[in-house]
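Working notes, structure below.
The values are calculated or read from the model by the stated rules, or taken from the named source; none is laboratory data. Just so it is clear, the model here is predicted, and its values are computed rather than measured. Cβ: placed from backbone, ideal geometry, glycine included. Neighbour counts: every protein chain shown. Please note that ligands, DNA and RNA were not included when accessible areas were found on the heavy atoms of the full protein model with its side chains. Shrake-Rupley method; radii C 1.70, N 1.55, O 1.52, S 1.80 Å.
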Amino acid sequence: MEKTLQMNTNSRDQMIDITKQIEEWMQEINANNGMIIVSSLHTTAGITVNENADPDVKTDFLRRLDEVYPWDHQLDRHAEGNTAAHMKTSTVGHAQTLIVSNGKLVLGTWQGVYFCEFDGPRQNRKIQLKMISS
């Protein structure tokens with residue numbers, strides 16, 4: 001079973017918690033046990049699992065990526081000017097595989113699943129979900 005989530009982003013760098021959307025889809029399809037693959041369908045946006053309790057984690061996460069991959073680097077040659085976004089996505093990764101047990105995502109107490117926008121704002125960003133039942 002598969003589903004495509006769509007969303008709009010409103011800033012260049014943004015982390016959007018998509019955990020509830022994944023869980024709602026799991027309920028719709030009566031997911032019980034297996035794995036869900038969550039994949040960003042973009043080269044400038046990734047998927048990560050991180051703390052979803054303190055909003056400062058998102059702020060710090062994005063700031064530190066900016067420190068490693070500054071937006072305007074004099075040696076970048078990519079014509080679109082978004083080399084930093086590509087680097088951030090490759091570092092974070094485009095997908096995560098999540099365990100489903102007894103109808104629930106297996107996440108730690110403070111964990112959530114995030115769509116990471118690195119080249120926004122953008123319209124119609126897509127995230128593909130794939131349930132593999134066991």
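Things to note:
- The chain - charge dipole about Cα centre, Lys and Arg +1 at Cβ, Asp and Glu -1, debye rounded to 20: 360 debye
- ³J(HN,Hα) computed for each position of region 31-41 - Karplus, 6.51 cos²θ - 1.76 cosθ + 1.60, integer Hz, glycine/proline x: 5, 10, 9, x, 9, 10, 9, 10, 10, 6, 9
- Rel. contact order, % - alpha carbon contacts under 8 angstrom, at least six apart, region 1-127: 53 percent
- Computed [θ] at 222 nm, deg cm²/dmol, the chain (DSSP H ≥ 4; -39,500 (n - 2.57); rounded to nearest 500): -7500 deg cm²/dmol
- Added length on full extension, which subtracts the Cα-Cα distance from 0.36 nm per residue, E24 to T59: 10.0 nm
- Label-reachable residues, region 39-56, where backbone N falls under 16 Å from a point 7 Å from D66's Cα toward its Cβ: 56
- Normalised by 2.2 N^0.38 Å, where N is the number of residues, the C-alpha radius of gyration of region 1-89 stands at 1.31.
- Residue-normalised accessible area of region 51-94, given per residue in Å² at a 1.4 Å probe: 70 Å²
- Protein accessible area in the chain, 1.4 Å probe - carbon and sulfur %: 47 percent
- Those trypsin sites (Lys or Arg not before Pro) in region 24-82 that DSSP places in a loop and that have at most 15 other beta carbons within 10 Å: R77
- For S40, net neighbour charge (Lys/Arg +1, Asp/Glu -1) across residues whose Cβ lies under 15 Å away: +1
- Difference of contour (0.36 nm per residue) and Cα-Cα distance, N32 to N102: 24.7 nm
- Reachable lysines, given that their alpha-carbon falls under 22 Å from the alpha-carbon of K3 and they are not under 8 places away in the same chain: K20, K104, K126, K130
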